[in-house]
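The values are calculated or read from the model by the stated rules, or taken from the named source; none is laboratory data. Just so it is clear, the structure is predicted and the values come from calculations on it, not from any experiment. FYI the Cβ positions are ideal-geometry reconstructions off the backbone, even for glycines, and counts take in every protein chain you see. Note: areas computed on protein heavy atoms with side chains; ligands, DNA, RNA excluded. Shrake-Rupley method; radii C 1.70, N 1.55, O 1.52, S 1.80 Å.
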Amino acid sequence: QVQLVESGGGLVQAGGSLRLSCAASGSIFSANAMGWYRQAPGKQRELVAAITRGGATTYAGSVEGRFTISRDSTKNTVYLQMNSLKPEDTAVYYCNVAALPFHPWGQGTQVTVSS
C-alpha cells in the first residue's frame with residue numbers, strides 16, 4: 001500500500017527555519033517526480049515545490065529563494081528546507097507525486113509561523 005508520511009513541522013518565529021521530511025513508499029518515490037504542497041485555512045491546496053527523478057526543481061513564486069526541495073533515493077525521502085519563514089507560510093504541508101493522479105494524501109505536518 002502506498003504511504004506518505006510527513007514530519008518536521010512546528011511553531012517558529014518569522015525569519016526562522018524548518019526542515020520537513022516525507023517518507024514515501026519506494027514504488028512511488030522511484031517512479032515519479034515528487035512535490036510539496038500546502039493548505040492554509042480556508043484556501044485551496046497549492047504546490048510549493050517539485051523535484052524530478054533527475055533532481056530538477058521548480059518552486060512557486062511565493063517561496064522561490066527561501067525554500068529548497070531535495071530527495072534522497074537511498075531513503076525514499078523528500079525534504080523541504082524552509083528558510084526566512086513568513087506568517088503567510090502557515091499551513092499544513094503535504095507531499096505527493098508532482099502530477100495527477102495523486103496518491104492518497106498523508107496526514108500532513110503543521111507549520112505555524114508567528115509574527
Exercise for the section: State the extension gain, in nm to one decimal, for the chain segment bounded by S114 and N83, taking 0.36 nm per residue of separation less the distance between their alpha-carbons. Expected result: 9.8 nm
Problem - Peptides 23-29, 101-107 ordered by average Cβ neighbours within 10 Å, highest first - result: 23-29, 101-107
Completion exercise
Computed, not fitted: 222 nm per-residue ellipticity of the chain from DSSP H runs ≥ 4 (each -39500 (n - 2.57)), nearest 500, equal to -500 deg cm²/dmol
Practice task
For H103, enumerate residues with amide H under 5 Å from its amide H, sequence gap 5+ or separate chain, H modeled in the peptide plane.
Solution key: V97
Exercise for the section: Between R45 and S30, with labels modelled 7 Å along Cα→Cβ, what's the label distance in nm to one decimal, could you check? Expected result: 2.5 nm
Handout entry: Å² per residue, accessible surface of region 51-115 at 1.4 Å
Key = 51 Å²
